[in-house]
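The values are calculated or read from the model by the stated rules, or taken from the named source; none is laboratory data. These figures come from a predicted structure and were not determined experimentally. Neighbour counts run over all protein chains shown; Cβ positions are idealised from the backbone, glycine included. Ligands, DNA and RNA are excluded from the accessible area calculation, which covers all protein heavy atoms including side chains. Shrake-Rupley method; radii C 1.70, N 1.55, O 1.52, S 1.80 Å.
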Amino acid sequence: MIALLSRDLALAVRAGGGFGLGLAFFLIVTVLVPFGVGPETTLLARIAPGVLWIGALLACLLSLDRILALDWEDGSLDLLATAPLPMEGIVSVKALAHWITTGLPLVLAAPVLGVLLSLPVEGYLWVFLSLALGTPALSVIGTFGAALTVGLKRGGLLMSLLVLPLYVPTLIFGAEVARRGAEGLAVSAPLAMLAGISCGVIAVLPFASAAVLRINLR
């Protein structure tokens, strides 16, 4: 599993679908929003948590087609299917590699980019915590979508249509945690829901992704 994780991390960086692409897109979204809604700091502070979460979600979406497509094209996926490692473990490693190369940089960059959106000081910690808790769910759900569409020509659009509705609960509760934290309100309820979604997705979807991959490889 460690060797597979190291390989996927190296491939993600070399293929250009790792740190740079997601961070660049996240930065562009954060910079363009003030131009679109105006320079009013009160308005920007109110919408900052939601904008940061939407930017992070779309940045994660950009690199989902690379999770399994490269292995499918060069035949590595067939070899991995015959390896001693269970397919559920392979899918979990793929999701972890995606989170490390895409989700983790977004988590670290979000509080910094919050300055551009006049995010209240109280909100920096909660934006960081909500993204740290929610982005693993985005990667696991994205891996499931990649497993559903692997091998399809131009499957990226179809995968986006399949994955985006599944992202909505994570987006709602993640943005709500950040918003309530920035306004000094209680965050226990949305935080518990966000944690429940992440734990449930991590526990269930690797098995679903593995089952789908077995069907696609037959």
Which of rounded, prolate, oblate describes the stretch 1-90, given a ≥ b ≥ c as roots of the alpha-carbon gyration tensor eigenvalues and a/c under 1.5 marking rounded, otherwise prolate only if a/b is larger than b/c?
-> prolate
With the convex hull built on the alpha-carbon atoms of the stretch 58-144, volume per residue in Å³ sits at 85
Using alpha-carbon coordinates, inclination of helix 155-183 to the longest axis of the chain, degrees = 30
Average accessible surface area per residue within the chain, 1.4 Å rolling probe, Å² = 47
In the stretch 68-218, carbon and sulfur make up what percent of the accessible area (probe 1.4 Å)?
-> 74
Estimated dipole of the chain in Debye, rounded to 20 [Cβ of Lys and Arg +1, of Asp and Glu -1, Cα centre] | 220
Equivalent ellipsoid semi-axes, the stretch 140-218, via Cα gyration tensor eigenvalues times 5, rooted, Å = 32, 14, 6
Projected area averaged over orientations for the stretch 157-200, convex hull of C-alpha atoms, nm² | 3.4
Please give the helix 19-37 orientation as an angle from the longest Cα principal axis of the chain, in degrees from 0 to 90, rounded to the nearest 10.
-> 30
